[in-house]
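Engineer: Sharing a structure below in structure tokens format, with a few things to ask.
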Amino acid sequence: MEGGKVRHNPLYAPQEGLEFGGNATNNVAVSADPPASKVVNDMEGEEKSSGYVLAFWRLFQCADGIDILLMIFGTLGAMVNGLTLPAMLIIQGRLINTFGNLQDSPELIYDSIKKFSLYFVYTAVVGWVSAYLEVSCWMCTGERQSGRIRAKYLRAILRQEVAYFERTQSSTAEVVNNVSADTLLVQGAMSEKVGNFIQNITHFAGSYVVAYVQVWRVALAATPFVPLLLIPGAFYNRAVTSLAGRMQAAYNKAGAVAEESISSVRTVYSFVGETKVVSSYSNSLDETVKLGIKQGLAKGFAMGSVGINFAIWAFVGWYGSEQVLAGRADGGNILTTGIAIISGGLALGNAMPNFKSFAEGCSAASRIFALIRRVPPIDADDTTRETLDKVTGDLELRNVDFSYPSRRDVPIFQNFSLQIPAGKTVALVGQSGSGKSTVLALLERFYDPLAGEVLIDDVNIKGLQLKWLRRQIGLVSQEPALFATSIKENILYGKDGASEEEIVEAAKSANAFNFITQLPRGFDTQVGERGVQMSGGQKQRIAIARALLKNPPVMLLDEATSALDAESEKVVQAALERAAEGRTTVVVAHRLSTIRNADLIAVIQYGKVIEMGTHNELLAKGEQGAFAALVQLQQAHQEAEAEADDETVIADSKVVLARSHSSSLQKRSISSGRKSFDEVRLSHSKSRDGISSNLVLGGDKSKVKPQMPSFRRLLALNRPEWRQALLGLTGAIAFGFVQPFYAYCLGGMMAVFYTPDRNKLRHDVKVYAGVFCGLAVAAFVVNTLQHYNFATMGEYLTKRVRVRMLTNILRFEVGWYDRDENASGAVCSRLASDSNMVRALVGDRISLIVQTASAILVSFGIGLSLSWKLALVVMSIQPTIILSLYVKKILLTGFAKQTAKAQHEGAQVASEAVSQHRTVTAFSSQDKVLALFESKLVGPKKEAFKRAQVAGLGLGAANFFLYASWGLDYWYGGKLAGAGEVSFSEVLKTFFVLVSTGRVLAEAGALAPDLAKGSQAIASVFNILDRDTEINADNKTAEKVDKVEGHIEMKNIHFSYPARPDVIIFKNFNLSVRAGQTVAMVGQSGSGKSTIIGLIERFYDPIKGKVLIDGRDIKTLHLKSLRRHIGLVSQEPTLFAGTLRENIAYARPDATEAEIIEAAVAANAHNFISLSTIASADTIAVMQDGIILEQGSHEQLMSKGEGSAYFSLVKLQVGLK
């Protein structure tokens, strides 16, 4: 049992120990597989989801002849497999009749029992073959058909227009998820679960036929009780679903507190709100604790319903004895009828969950086939449109109105016009968001304009075949999209089927040939996922070669060098200039120095072309020109950066010389200051990860103390609930006694049926019936006792772990949150899931393990006391039976995971293609992607075939050993009885007790993977609880801050963010702010303005240098007391869930009403900052890329005229002419 849900085996459960009536798990095992996530694509018009669900039989519309044969054989195998247990029951009944009738003639027993033992073996062989056919055939056909559906689905996805992926309900991430998730749902609904459903239904029908043929009066009388086996499970699942929903809703409130605090951790830290957050989180968890305890109580009631099984046997035994006394039946017939009625009903219950899988598969298939049928408005497969005999390359956007489909309310272009002459290079420049890249997207026809026309050679591109059009255009983007294949294959995306000579020529033209040939595998070198094995410059040159391969008359270059370092940019720029020769080229430029040689430059601002001309013409406009202002701003930054680099050379050399004993390192530091600083910074970043270094420059080291998972330590957290632990253990131990004692009584009652004394028979059966009724009550009581108390333990432990985890998480330095693995969503998921796993480990796992251990000890003791020889034989083959049942469970529950793992490479290709769909679309590479996708499925298909054989043989073997062991047990029991060493009653009791225990052991063994997951969860929990922070905000030994004057100084600061140590923000940065002074920091995005605030708040520590407040290094100050003297208003202010009063008083919960009102009134005077609102600041510092370009008052900076970076910023923002 896990997470409050009844564990059940979705396949073959009736065959696993139900020979004697089953146990609690099976009796309530009617819950379905865990719900899969459902993502409904946003379809427009007739494609929009309207509640239509595909008919089940239409799932198989992609089946071929081989699939039809596989489904036929799989169905026959499932039907025969379903009839195996009813056949075994008939054999067992006849064997018991023979045994009972011959118990007074021991010499005849052995030969008769030997014959029936062979029947068990023969039936076991049939069970092996039929199980193999069922599982292997359905798995194979499911894999084959779902593979075809995947290919069609991916083709349909890649056919869709770019706008389709930008809608809220069909984002790229969701589409990628659907490629794997939806197709796995479909595969699950059309493979082994179909066989399982047929097998269970056949088992149900066969069992009831056997029951009515054996003793129809008993079967008829017992049938009305069968729903009682299913109703508790149904009600429990409904109750669990309801409680689980309420628990999720309750935890969502608590989770929202954690999520908003973790995602806004800077605000929480700056206002010292950690304690308030933890208190609110703890209070919000109280409701989940109450609901979890109710869920445990419901589970106890449901598990206690195993008593209904015992009560049914009480009735069957009593009524069956009347039939025996009347001469209408024998004991074996009664046993066969009783087990058939119960196991048949449970088989029906086990068939029902498959309907959920079928419904999910049909729903997913509806979405898949709806997309397959969808014809996009911009259709690359439409071949009805025209093509041009020759393209000269005249491009024009004429009176275009445009806004992105996902943001229709944000106009990008209004009556926009731009002409690009054939054979010319035209550069588009302007600030971010001005519409430069949109021009390229319209030329590629990723989108259609709302009004106006996009023309090539004076022909509207809407009238041209789309694939043909895109073959005329080469595209190189800022972030080159490479696929996880070889360099050669990536270049071939430009022109599939190109010759080796063409590939080499394209590589040479892109300045890529030399570096490619120097690689060990040359053009066959794998670039890795998204080109991770290549440097930025290498990736860009491969992308250029890909674009050049098709020799297009039009080339589009979208900020192709903006992400490169200076050296790479120089090489790539040379390649781009060669690529532009002899063709129309449109360049979106980031570095203005790269477009000096452009024939025309168009300056775009707010969706308009505000200037156009050559480089020299635009510069000649001087301070009145927008392009000139952009150039001045970049030049000012470059000059300031050069000055900072000169200072860094000296400073960094001193650092390395002071801490190094290597003369070679000293020489490098003197000759290359930048490199030396990188070495120092790198050593510091390594020290955070616990890697020893002699060049660590200050700062706390990460104090992660990895711990081995300690179950004892986890239980220690549950010490306050020791009373509940004792009561829960008592219930678990007691229920361990119930199952063996029930099997013992069942064997004894069967033996009584063969007593010649009618009065003794009637009396003993009544006694056994009374015992069964008592066991029914006991099972209900002890199950309720154990599950209620273990649930109480688990819920309080879960709350305690969650609160302690959040408490410690809110001690961590901000740099910890910057790591990808510690994003707010991931951390909140760990709070929710890891603690849940801990609850299941302590509650459900301990419960099952204790009751299993109890049952083993009791059953082995009973068996050995009855007949130690027979008991030893049965116990000796128990490991084989347990292994068989364990393998059966693992195989059956592992299909979905194995399938998903096998599909990983194919899913990766699909994921890359969808997430880089613009590149695929631009190069019309859909067919190439599909070919690669199908090639990646060849291996998984072979693996799936092997897996199907292994699964079929494994499940068949499990059936064989289970049933064949019956033959062995009865054979040896008959041999001992024939020798007069044991009685008929002792054989039955020993067999029933020990065989029923094998299933209990197998179920416990099946928990091994869950226990491993639980150990991982414990490790995850204690990794959080044991981790110390690098920046301790509540260091008791630090100096408390009672008063702050406000003088701030930053001295020789070197800084890069811990999550991006290779991106240097500050190099020898200095800043001084006098107390009471207002200083405004201005500059472009990414210049380091917000980083200053982060350092003052001590969200981060600098790699080198000091941050001083009132002359004191803030590292020596008690951080929480310091932060209480600092107010922070962020660009996007964080408001927490609660009232306005609570948000205003967040920093001071004890603030009076008057103080809150005064703060609110004062806030009404707040103006949103822009450059025009800081003119009154005492000092304005203009920043870019971590460097102060200029500093002074507004008047001082503006007086510098067009040479001033600040002047250029103002002019660009307010649109001065």
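Engineer: Could you go through region 974-996 and let me know if any residue there is at pLDDT below 75 and part of a helix (DSSP H, G or I).
Structural biologist: No, there is no match, as no residue in region 974-996 is at pLDDT below 75 and part of a helix (DSSP H, G or I).
Engineer: Check off (1) outside any loop (DSSP other than H, G, I, E, B); (2) touching a strand residue (DSSP E or B) at 6+ places or on another chain (Cβ under 8 Å); (3) under 18 Å from residue 1191 (Cβ atoms) for residue 1108 and give me the number that stays unchecked.
Structural biologist: Among (1) outside any loop (DSSP other than H, G, I, E, B); (2) touching a strand residue (DSSP E or B) at 6+ places or on another chain (Cβ under 8 Å); (3) under 18 Å from residue 1191 (Cβ atoms), the lone unmet condition for residue 1108 is (3).
Engineer: Output the qualifying pairs, or none if there are none: Cβ atoms under 7 angstrom, residues six or more apart or on different chains, first residue in region 901-920 and modelled with pLDDT of 70 or more, second residue outside any helix (DSSP H, G or I).
Structural biologist: 908/484; 912/483; 912/484; 916/481; 918/446; 919/481
Engineer: Test of understanding: among 339, 368, which residue is buried (at least 18 other Cβ atoms within 10 Å of the Cβ) and over 33 Å from the mean Cα position of the chain (by Cα)?
Structural biologist: Result of the check over 339, 368: 339.
Engineer: I've got another one for you. Within the group 746, 775, 727, which residue is within 29 Å of residue 834 (Cβ to Cβ), in a helix (DSSP H, G or I) and modelled with pLDDT of 90 or more?
Structural biologist: None of the other options fit; the residue is 727.
Engineer: For region 424-439, state whether one or more residues are part of a loop (DSSP other than H, G, I, E, B), touching an Asp or Glu at 6+ places or on another chain (Cβ under 6 Å) and surrounded by fewer than 20 Cβ atoms within 10 Å (Cβ to Cβ). Working first, answer last.
Structural biologist: Of all residues in region 424-439, those part of a loop (DSSP other than H, G, I, E, B) come to 424, 430-435.
Pick out the ones that are also touching an Asp or Glu at 6+ places or on another chain (Cβ under 6 Å) and you get 424.
Among the residues that remain, those that are also surrounded by fewer than 20 Cβ atoms within 10 Å (Cβ to Cβ) are: 424.
Yes, because at least one residue in region 424-439 is part of a loop (DSSP other than H, G, I, E, B), touching an Asp or Glu at 6+ places or on another chain (Cβ under 6 Å) and surrounded by fewer than 20 Cβ atoms within 10 Å (Cβ to Cβ).
Engineer: Only residues that are touching a Lys or Arg at 6+ places or on another chain (Cβ under 9 Å), small (Gly, Ala, Ser) and under 22 Å from residue 801 (Cβ atoms): list them for region 1018-1042, please.
Structural biologist: 1020, the sole residue that qualifies.
Engineer: Which of the residues belonging to region 744-773 are free of Cβ contacts under 8 Å to residues at least 12 places away in the same chain and under 18 Å from residue 989 (Cβ atoms)? Quick ask: steps written out before the conclusion?
Structural biologist: Looking only at region 744-773, we keep the residues that are free of Cβ contacts under 8 Å to residues at least 12 places away in the same chain, and these are 755-757, 759-760, 763, 767.
Of everything in region 744-773, those that are free of Cβ contacts under 8 Å to residues at least 12 places away in the same chain and under 18 Å from residue 989 (Cβ atoms) turn out to be 755, 760, 767.
Here is a yes/no grid of residues against (1) charged (D, E, K, R); (2) modelled with pLDDT under 90; (3) assigned by TED's automatic domain parsing to the domain that holds residue 91:
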residue: 265; (1), (2), (3): no, yes, no
residue: 301; (1), (2), (3): no, yes, no
residue: 307; (1), (2), (3): no, yes, no
residue: 317; (1), (2), (3): no, no, no
residue: 342; (1), (2), (3): no, yes, yes
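Engineer: Can you name the number of the only condition in (1) closer than 20 Å to residue 271 by Cβ; (2) of a type in the set (D, E, K, R); (3) at pLDDT 70 or above that residue 1178 fails?
Structural biologist: Residue 1178 satisfies every listed condition except (1).
Engineer: Any idea which of 475, 482 is touching a residue at least 60 places away in the same chain (Cβ under 8 Å), assigned to a strand (DSSP E or B) and either within 24 Å of residue 589 (Cα to Cα) or charged (D, E, K, R) (or both)?
Structural biologist: The conditions single out 475.
Engineer: Output the number of the condition that residue 942 fails; it satisfies all remaining conditions of (1) modelled with pLDDT under 80; (2) farther than 30 Å from residue 125 by Cβ.
Structural biologist: (2)
Engineer: Sort out which residues of region 605-632 are outside any strand (DSSP E or B) and either in contact (Cβ under 8 Å) with a residue 24 or more places away in the chain or within 19 Å of residue 398 (Cα to Cα) (or both), and write them in order of number.
Structural biologist: Scanning region 605-632 gives 606, 607, 622, 623, 624, 626, 627, 628, 629, 630, 631, 632.
Engineer: Within region 399-415, track down each residue that is assigned to a strand (DSSP E or B) and within 24 Å of residue 478 (Cα to Cα).
Structural biologist: We begin by selecting, within region 399-415, every residue assigned to a strand (DSSP E or B); these are 399-402, 413-415.
If the condition is that a residue be assigned to a strand (DSSP E or B) and within 24 Å of residue 478 (Cα to Cα), then 402, 413 are the ones that fit.
Engineer: Suppose we keep only residues that are within 30 Å of residue 949 (Cα to Cα) and free of Cβ contacts under 8 Å to residues at least 40 places away in the same chain within region 88-130. Which one would you say is surrounded by the most Cβ atoms within 10 Å (Cβ to Cβ)?
Structural biologist: Top of the filtered list is 91.
Engineer: For residues that are small (Gly, Ala, Ser) and assigned to a helix (DSSP H, G or I), scanning just region 257-282, find the one that is farthest from residue 1092 (Cα to Cα).
Structural biologist: Applying the filter and picking the extreme gives 282.
Engineer: Among the residues of region 787-798, are any more than 18 Å from residue 729 (Cα to Cα), touching a residue at least 60 places away in the same chain (Cβ under 8 Å) and under 24 Å from the mean Cα position of the chain (by Cα)?
Structural biologist: Yes.
Engineer: Right, here's the next one. State all residues of region 804-841 that are more than 24 Å from the chain's Cα centre (by Cα) and part of a helix (DSSP H, G or I); if no residue qualifies, say none. I'd like the intermediate steps shown before the answer.
Structural biologist: Applying the first criterion (more than 24 Å from the chain's Cα centre (by Cα)) to region 804-841 yields 804, 807-808, 810-814.
Selection gives 804, 807, 808, 814.
Engineer: When you go through (1) crowded, with 21+ Cβ neighbours inside 10 Å; (2) out of contact with any helix residue (DSSP H, G or I) (no Cβ under 8 Å at 6 or more places or on another chain) one by one for residue 546, which number turns out not to apply?
Structural biologist: Going through (1) crowded, with 21+ Cβ neighbours inside 10 Å; (2) out of contact with any helix residue (DSSP H, G or I) (no Cβ under 8 Å at 6 or more places or on another chain) one by one, residue 546 breaks only (2).
Engineer: Among the residues of region 1203-1213, is any surrounded by fewer than 11 Cβ atoms within 10 Å (Cβ to Cβ) and either closer than 24 Å to residue 1079 by Cβ or at pLDDT 75 or above (or both)? Explain how you work it out, then say what you get.
Structural biologist: Start the filter on region 1203-1213 by keeping residues that are surrounded by fewer than 11 Cβ atoms within 10 Å (Cβ to Cβ), which leaves none.
No, region 1203-1213 has no match at all.
Engineer: Same structure again: Could you list, in sequence order, the residues of region 222-243 that are in a helix (DSSP H, G or I) and surrounded by 17 or more Cβ atoms within 10 Å (Cβ to Cβ)? Break it down into steps so the answer makes sense when it comes.
Structural biologist: Going residue by residue through region 222-243, those that are in a helix (DSSP H, G or I) are 222-225, 227-243.
If the condition is that a residue be in a helix (DSSP H, G or I) and surrounded by 17 or more Cβ atoms within 10 Å (Cβ to Cβ), then 222, 225, 229, 230, 232, 233, 236, 237, 239, 240, 243 are the ones that fit.
The values are calculated or read from the model by the stated rules, or taken from the named source; none is laboratory data. Just so we're clear, the structure is a prediction, and the values are computed from it rather than from any experiment. In this analysis, Cβ positions are derived from the backbone assuming ideal geometry, glycine residues included, and neighbour counts consider all displayed protein chains.
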